[in-house]
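Novice: Once you've had a glance at the structure underneath, I'll fire off some questions.
The values are calculated or read from the model by the stated rules, or taken from the named source; none is laboratory data. From a predicted model like this one, the values you see are computed outputs, not experimental measurements. Reconstructed Cβ throughout: ideal geometry from the backbone, glycine too, with neighbour counts over all protein chains shown. Heads up: the accessible areas ignore ligands, DNA and RNA and are worked out on the full protein's heavy atoms, side chains in. Shrake-Rupley method; radii C 1.70, N 1.55, O 1.52, S 1.80 Å.
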Amino acid sequence: MSKPIIEYTDFEKIEILTGTILEVNENTKARKPAYVLKIDFGENVGIKFSSAQITNYTVNELINKQIIAVCNFEKKNIAGIDSEVLVLGSINQDDKVILLQPDSVVKNGSPVA
């Protein structure tokens, strides 16, 4: 599935940062199983929330996991949650999201280049 070509200046508008998941709770109002994530993006961005359909992970697997997210979308209400960031992952052949993450620990709020 090919998408239209974008200018590099369009890509520069996207703030993609590394954060650490602090809390995970079930989003009981979601139509499809989802978690509400509380994520620390460091002192410049702070704590943000996201509703994510990543229930192929357990709560214990997610706590303290560093993830990659788009942090400058406008808030979107998802099943009663003001989702502030979009957690990024790849979708595998089983339609499960495999989270993108750094391969070593970095400072929360570190930009993705």
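Novice: Among the listed residues 16, 78, 63, 6, identify the single one that is of a type in the set (A, V, I, L, M) and either within 12 Å of the chain's Cα centre (by Cα) or at positive phi (or both).
Specialist: Just a single option satisfies the conditions, and that option is 16.
Novice: Please work out if residue 98 is of a type in the set (Val, Ile, Thr), crowded, with 17+ Cβ neighbours inside 10 Å, modelled with pLDDT of 95 or more and in a strand (DSSP E or B).
Specialist: Answer is no for this residue.
Novice: Whether any residue in the range 24-37 is charged (D, E, K, R), surrounded by fewer than 15 Cβ atoms within 10 Å (Cβ to Cβ) and in contact with a strand residue (DSSP E or B) (Cβ under 7 Å, 6 or more places away or on another chain) is what I want to check.
Specialist: Of the range 24-37, the ones charged (D, E, K, R) are 26, 29, 31-32.
Applying the additional criterion that residues be surrounded by fewer than 15 Cβ atoms within 10 Å (Cβ to Cβ) yields 26, 29, 31-32.
Checking the rest, the ones that are also in contact with a strand residue (DSSP E or B) (Cβ under 7 Å, 6 or more places away or on another chain) come to 26.
Yes, that holds for at least one residue.
Novice: Just to confirm my filter: which strands (runs of 3 or more DSSP E) fall fully inside the range 1-86 and include at least 1 residues that are closer than 25 Å to residue 107 by Cα and polar (S, T, N, Q)?
Specialist: 16-26, 47-52, 66-70, 81-83
Novice: For the condition touching a Phe, Trp or Tyr at 6+ places or on another chain (Cβ under 8 Å) and without any contact (Cβ under 8 Å) to a residue 60 or more places away in the chain, what is the one hit in 64, 77, 60, 25?
Specialist: Selected residue: 25, the only one of 64, 77, 60, 25 that is touching a Phe, Trp or Tyr at 6+ places or on another chain (Cβ under 8 Å) and without any contact (Cβ under 8 Å) to a residue 60 or more places away in the chain.
Novice: Scan 73, 49 and give me the residue that is open to solvent by 60 Å² or more (accessible area, probe 1.4 Å), touching a strand residue (DSSP E or B) at 6+ places or on another chain (Cβ under 7 Å) and at pLDDT 95 or above.
Specialist: Every option except 49 fails the conditions.
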